[in-house]
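Presented below is the structure to which this report refers.
Just so it is clear, none of the values below were taken in a lab; they were calculated from the coordinates. Note that the structure is predicted; figures quoted are calculated from it, not measured. All Cβ positions, glycine included, derive from the backbone under ideal geometry; neighbour counts span all protein chains shown.
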Amino acid sequence: LMSGAVSKVESSCPYAHTFWYPNADIGSNNRPCRNVPLKCKLCHPSLAPVTGKKSCTVAPFIDAVWRYNMIQHLEELHPQYAHPEKLIGHPLPVQILTSFTLTALEQEDANIP
C-alpha cells in the first residue's frame, strides 16, 4: 500500500471485498479523517530494483496497519525506534514518521490540543 498508488488484490474468496480510498489519504475540511491502511516500511522494506529496471519490487503479501494504530504497531513490533510518544530509541525514518503524523485539521477535529 502506498500513498497515491492503486492497490489491487486478487482473491478467490467469495467474501472478498474491494476497498477504495479515493481522498482519504489526504483528507478534507468535510472529512478530515485519514485513517487508511498503511504498509509498514520497517516490516516490509522495498526490495532493490532488478538490474535493468527502474522500479523496486515489493513483497507480494503485505499486512497493513491502520494509520491511527501505527504508534501501537511501533511499540509492539519495533520497540527499538523512537516516535512522538517515545523519545528514546533509534530515529524513525522521516518517510515513516510523516506517513502517520496527524494533520492540524485531524487534531482539531479530534479535540487534540
**Message:** Suppose each label sits 7 Å from its Cα in the direction of the beta carbon; what would the W20-C43 distance come out to in nanometres?
**Reply:** 2.6 nm
**Virtual paramagnetic centre 7 Å along Cα→Cβ of Y68, amide N under 19 Å, in segment 81-113** = 84-85, 98-113
**Prompt:** Which distance in nm do the two modelled labels at L105 and E76 give, with both placed 7 Å along the Cα-to-Cβ direction?
**Reply:** 3.0 nm
